[in-house]
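Student: Take this structure, written in structure tokens, and hold onto it; I'll ask about it next.
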Amino acid sequence: MNPQIAQRIANTKTNPPSDDALAAEAVLLAADLLHEAKRQQNSTEKAQQAKIAGMMEDPNGKLMTMALSDQAFRSHDPARIADQIKHLLAEHGVPKYFANWEQIALQLGSMVGQYIPQLVVPFIVAKLRAETKSVILPSEEKELRSYLQERRATGTRLNLNQLGEAILGEEEARRRLDSYLQLLTRPDVEYISVKISSVFSQINLVDFHGTVEEIKSRLRELYRQAMRYEFVPAEGTAVPKFINLDMEEYRDLHLTVAAFQQVLDEPEFMKYRAGIVLQAYLPDSHPVQRELTTWAKARVARGGATIKIRIVKGANLAMEKVEASWHDWAQAPYTTKADVDANYKRMLIYGCQPENATAVHLGIASHNLFDLAYGLLIRAKYGVEQYAEFEMLEGWPTTKPAPCKRRLGGFSSTPPSSNKKISTAPSATWCAGWMRTPPPKTSCTTCSASRSAPPVGRGKSNFPRGGAAAG
Ligand SMILES: Cc1cc2nc3c(=O)[nH]c(=O)nc-3n(C[C@H](O)[C@H](O)[C@H](O)COP(=O)(O)OP(=O)(O)OC[C@H]3O[C@@H](n4cnc5c(N)ncnc54)[C@H](O)[C@@H]3O)c2cc1C
């Protein structure tokens, strides 16, 4: 570990600073983390970062790249894909941040692809796959297995999510649920993330109770499977697989929390340790965190397992804004970044109080170095390192330097304490990886065509839809 980073964390632990001093120290620690990350960057990572920086300064190119990677994988029909690429190029133009040869190749490919799509489209799709391979994992058995092995060998633990757009019907919900159940049977999968909207298609707030009951029936299937197919870590003791409920729209918050609590209160699941996400951009999230903490403490006191809350800022701001403007409502999330950041820290501080952290373990999920630094110091200040871990998205620029133990010791975890009660709690850094949803047995080009243009405001989240993850 970088000695300066280690020293800052150790000082905070032995001599806890005031709130203001801790904030100032977090800024210095963020700078140290950034310098260390840059020092360790290899040439491939530098090139990747330069490309992402180029994309950020090319709004049209960003839009085109997102649309291309979102839509080019949907159909298995080369002619259909060629058609879609032509349409996207006409709409957005060639991304300016692409290298010259890439711009020419894309234009040429699109033209020639109209005539011989079977020959040209596979090259375009292969190139896109190569470009996104660090953020989207393959779902093909052989590739996924070797990827998981590789990452485990580096000491990184992976939380898997399945990519996919919003589901429209119960047949597709069943297929998604089955693919999660299948994923849980794999001995190399330790942790998956699931969104309730990916396993139940008919969410209806007017029928809150009926919707919760449906979600509960799907959660029971998932939790049962997680308990049946245990994961055996390198250290030895088998543990049930971990399932985290990701959060998407504000609409889903209270439904997800209700189903989560009610199922975990059932005798069959009392000993099962599960997780849920709370989004700091919602003013409701801190009160919900307090309620969940009170409930979790009571559950632990009754002999139940602990739970875990992953704290994120929230990825669906654009969608929430559109939703609010449609109905002429006030938007559900805070309206300023400062409010969101303050709530994130409020939730971290509350979650790191030792009496709370022992019952509700924390996943600190962010790519903001200031928040990561703040999280490192806050958990050290309250001495709850074994209950609070860091989670990031696989392949994102901060991921490689920040959490991987071999790179930045500051993020590596304290080994779990010998206290048996918490021995199943991994105190590690997680990377969440999105994998492509395995294709349905039969593909339907009509459906993919009709879905290629989601209604305004839907499917616009920065956080991929579907059930996959990081943490
Ligand atoms: C491991 C992991 C798991 C995740 N799981 C989920 C999940 O289940 N559900 C989910 O929604 N997201 C999830 N996210 C995404 C997360 O919510 C954030 O969108 C993302 O991490 C960016 O936030 P940041 O702290 O990294 O960066 P920052 O740049 O510090 O924060 C960006 C965030 O600030 C907020 N923000 C920015 N501008 C404004 C504004 N004007 N008004 C209000 N808010 C603003 C938004 O929430 C935005 O996403 C996850 C992220 C990670 C790393």
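The values are calculated or read from the model by the stated rules, or taken from the named source; none is laboratory data. Everything numeric in this text was worked out from a predicted model, so none of it was measured. Because the Cβ atoms are built from the backbone with ideal geometry, glycine has one as well, and the counts that use them run over all protein chains shown.
Student: Just checking, which of Y180, Y223, Y229 is surrounded by fewer than 19 Cβ atoms within 10 Å (Cβ to Cβ), of a type in the set (F, W, Y) and in the same structural domain as G363 (by TED's automatic domain parsing)?
Tutor: Exactly one of Y180, Y223, Y229 is surrounded by fewer than 19 Cβ atoms within 10 Å (Cβ to Cβ), of a type in the set (F, W, Y) and in the same structural domain as G363 (by TED's automatic domain parsing), namely Y229.
Student: Just to verify a result, which residue in segment 88-118, among those that are buried (at least 16 other Cβ atoms within 10 Å of the Cβ) and of a type in the set (A, V, I, L, M), is farthest from the chain's Cα centre (by Cα)?
Tutor: Per the stated criteria, the residue is A105.
Student: Tally time: how many residues in segment 161-219 are modelled with pLDDT under 95, among the polar types (S, T, N, Q) and farther than 27 Å from E230 by Cβ?
Tutor: Count: 4.
Student: Being in the same structural domain as N316 (by TED's automatic domain parsing), in contact with an Asp or Glu (Cβ under 7 Å, 6 or more places away or on another chain) and either away from the ligand (no atom under 16 Å from the Cβ) or assigned to a strand (DSSP E or B) (or both), is that true of even one residue in segment 166-176? Talk me through it step by step, then tell me what you get.
Tutor: Going through segment 166-176, the residues in the same structural domain as N316 (by TED's automatic domain parsing) turn out to be 166-176.
Subsequent filtering for residues that are in contact with an Asp or Glu (Cβ under 7 Å, 6 or more places away or on another chain) retains none.
So far as segment 166-176 goes, no, none of its residues is in the same structural domain as N316 (by TED's automatic domain parsing), in contact with an Asp or Glu (Cβ under 7 Å, 6 or more places away or on another chain) and either away from the ligand (no atom under 16 Å from the Cβ) or assigned to a strand (DSSP E or B) (or both).
Student: Against the condition in a helix (DSSP H, G or I) and surrounded by 12 or more Cβ atoms within 10 Å (Cβ to Cβ), how does A47 come out, does it pass? So that I can check it myself, show each step before the final result.
Tutor: Numbers: in a helix (DSSP H, G or I): yes; surrounded by 12 or more Cβ atoms within 10 Å (Cβ to Cβ): no.
For A47, the condition - in a helix (DSSP H, G or I) and surrounded by 12 or more Cβ atoms within 10 Å (Cβ to Cβ) - is not met.
Student: Given the criteria of a type outside the set (A, V, I, L, M, F, W, C) and within 16 Å of the ligand (Cβ to nearest atom), does E268 qualify?
Tutor: So E268 fails the test.
Residue-wise test of (1) modelled with pLDDT of 85 or more; (2) surrounded by 18 or more Cβ atoms within 10 Å (Cβ to Cβ); (3) not assigned by TED's automatic domain parsing to the domain that holds G375.
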{"site": "T14", "(1), (2), (3)": "yes, no, yes"}
{"site": "S18", "(1), (2), (3)": "yes, no, yes"}
{"site": "E25", "(1), (2), (3)": "yes, yes, yes"}
{"site": "L68", "(1), (2), (3)": "no, yes, yes"}
{"site": "Q71", "(1), (2), (3)": "no, yes, yes"}
{"site": "P78", "(1), (2), (3)": "yes, yes, yes"}
{"site": "Q84", "(1), (2), (3)": "yes, yes, yes"}
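Student: Can you pull out the residues in segment 223-252 that are assigned to a helix (DSSP H, G or I) and within 16 Å of the ligand (Cβ to nearest atom)? Spell out how you get there, then give the answer.
Tutor: Step one: filter segment 223-252 for residues assigned to a helix (DSSP H, G or I), giving 223-228, 250-252.
Those that are assigned to a helix (DSSP H, G or I) and within 16 Å of the ligand (Cβ to nearest atom): Y250, R251, D252.
Student: Within segment 349-382, which residues are within 12 Å of the ligand (Cβ to nearest atom) and surrounded by fewer than 21 Cβ atoms within 10 Å (Cβ to Cβ)?
Tutor: H367, N368, L369, F370
Student: Still on this structure: Mind listing just one residue for me: the one in segment 293-330 that is under 16 Å from Y387 (Cβ atoms) and out of contact with any helix residue (DSSP H, G or I) (no Cβ under 9 Å at 6 or more places or on another chain) and, of those, farthest from the ligand (Cβ to nearest atom)?
Tutor: For segment 293-330, the residue satisfying everything is K308.
Student: Also: Please verify whether D83 is acidic (D, E), under 28 Å from the mean Cα position of the chain (by Cα) and in a helix (DSSP H, G or I), treating the condition exactly as stated.
Tutor: no
Student: Can you find a residue in segment 42-56 that is in contact with a helix residue (DSSP H, G or I) (Cβ under 8 Å, 6 or more places away or on another chain) and either under 20 Å from V112 (Cα atoms) or free of Cβ contacts under 8 Å to residues at least 24 places away in the same chain (or both)?
Tutor: Within segment 42-56, one or more residues are in contact with a helix residue (DSSP H, G or I) (Cβ under 8 Å, 6 or more places away or on another chain) and either under 20 Å from V112 (Cα atoms) or free of Cβ contacts under 8 Å to residues at least 24 places away in the same chain (or both).
Student: So, K62, is that one under 30 Å from I349 (Cβ atoms) and at pLDDT below 90 or not?
Tutor: no
Student: Hey, another quick one. Select from segment 351-388 the residues that are more than 21 Å from A10 (Cβ to Cβ) and within 22 Å of the chain's Cα centre (by Cα) and list them in ascending order.
Tutor: G351, V360, H361, G363, A365, S366, H367, N368
Student: For segment 261-309, which residues satisfy the criterion of being charged (D, E, K, R), surrounded by 19 or more Cβ atoms within 10 Å (Cβ to Cβ) and part of a loop (DSSP other than H, G, I, E, B)?
Tutor: R273 - this is the single residue of segment 261-309 that is charged (D, E, K, R), surrounded by 19 or more Cβ atoms within 10 Å (Cβ to Cβ) and part of a loop (DSSP other than H, G, I, E, B).
Student: Looking at the structure I just gave you, is S417 more than 28 Å from A301 (Cα to Cα), at pLDDT below 95, more than 13 Å from the ligand (Cβ to nearest atom) and among the hydroxyl-bearing types (S, T, Y)?
Tutor: Criteria not met by S417.
Student: Part of a helix (DSSP H, G or I), touching a residue at least 24 places away in the same chain (Cβ under 8 Å), assigned by TED's automatic domain parsing to the domain that holds L219 and touching an Asp or Glu at 6+ places or on another chain (Cβ under 9 Å), is that true of I349?
Tutor: yes
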